[in-house]
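The values are calculated or read from the model by the stated rules, or taken from the named source; none is laboratory data. Model, not experiment: these values are computed from the prediction. Methodologically, a virtual Cβ is constructed for each residue, glycine included, from the backbone with ideal geometry; neighbour enumeration extends over all protein chains shown. Protein only, heavy atoms only, side chains kept; ligands, DNA and RNA dropped before computing areas. Shrake-Rupley method; radii C 1.70, N 1.55, O 1.52, S 1.80 Å.
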Amino acid sequence: MSAATERTALYRFFDANGALLYVGITKNFGQRWVSHAKKKPWWPKVQRHTAEWFDTRREAEAAEKQAVVSEGPKYNLVHKPRTPRAPVLRPTPPVKVLADPGADYWDIADVAAHWNVAPQSVRTYRSRGRGELPEPDRIFARTPTWKPATILNFQRPGQGARTDLRDEAKSTEDPPAPE
C-alpha cells in the first residue's frame, strides 16, 4: 500500500462556544461526515472542525486515543476514561441465631434454625403429616414444641424421599405366623 493511501486524518469537531464535541479519524472526510450527519444526534451542534494528517492509520489511532483521554470530548465513548462507580453497599445478612440445645423446648423457629430451613418449611412439614417432622412433645396454647433431643435424634427423610409410602409399607406387611 502506498503512503498516499495510508494517510489518515485526526479530526476534531467543536460547537459555537469552542467546546470539543468529538474526536475521530478518517481517510475520507466527506464519507465520514455524511455518516455522522445521518447517525449522530449531536451533529447539528458542530460549528467548526480541525484536521491533522498522519502518515499511517496506526499513528492516527494513537493520536486519537491520546486526544480523547487528555482533551475529554463530550460525545466520544471509546477511549474515554470511565468514572469509577461507587461500590454497592449490600445489607449484611442477620446473624443466624442457632437453637439452644440446652433449652427445655424448641418451637418452630428453633427447629427451622437447627435444620437451616425457613420456619414456613417446618410448618409445611407438620401440616402434611408425612413423617417429615416428629410429633410435638408438648403444645403451649396452640404452639407446638419439641424437646431438643427429639429433634436432634429425629432421622429426617432425604430430599425426594417418598415419605407418603411409610404407612402403606407397615400395613402391607404380613402379620407374624402363629406358633
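Data overview
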{"quantity": "Solvent-accessible area of TYR75 with every protein chain in place, 1.4 Å probe, in Å² to the nearest 10", "calculated": "60 Å²"}
{"quantity": "Estimated vicinal HN-Hα couplings, Hz - segment 117-129 in sequence order (Karplus 6.51, -1.76, 1.60; Gly, Pro = x)", "calculated": "10, 6, x, 4, 5, 5, 4, 5, 4, 5, 6, 6, x"}
{"quantity": "Gyration tensor (alpha-carbon) shape descriptor, segment 10-154, a/c threshold 1.5", "calculated": "prolate"}
{"quantity": "Accessible area, probe 1.4 Å, largest first, for residues ARG85, ARG138", "calculated": "ARG85, ARG138"}
{"quantity": "Residue-wise HN-Hα coupling along segment 34-43, computed from phi with Karplus coefficients 6.51, -1.76, 1.60 (Hz; x: Gly, Pro)", "calculated": "4, 4, 4, 4, 7, 10, 9, x, 7, 3"}
{"quantity": "Heavy-atom accessible area order for LYS80, LYS65, largest first, 1.4 Å probe", "calculated": "LYS65, LYS80"}
{"quantity": "Inter-centroid distance (Cα atoms) of segment 1-76 relative to segment 84-110, Å", "calculated": "57 Å"}
{"quantity": "Relative contact order %, segment 8-77, counting alpha carbon pairs below 8 Å whose residues are six or more apart", "calculated": "45 percent"}
{"quantity": "Loop-located trypsin sites (Lys or Arg not before Pro) in segment 3-55, at most 16 other Cβ atoms within 10 Å (DSSP)", "calculated": "ARG7, LYS27"}
{"quantity": "Amide H within-cut-off set for GLN47, under 5 Å, with H built and near neighbours excluded", "calculated": "PHE14, ASP15, ALA16"}
{"quantity": "Members of LYS38/LYS80; LYS27/LYS74; LYS45/LYS65; LYS45/LYS74; LYS39/LYS65 lying beyond 20 Å, as alpha-carbon distances in this model show", "calculated": "LYS38/LYS80; LYS27/LYS74; LYS45/LYS65; LYS39/LYS65"}
{"quantity": "For ILE25, residues with placed amide H under 5 Å, excluding near neighbours", "calculated": "TYR11"}
{"quantity": "Amide proton proximity set for TRP106, modelled H, under 5 Å, gap of 5+", "calculated": "TRP146, LYS147"}
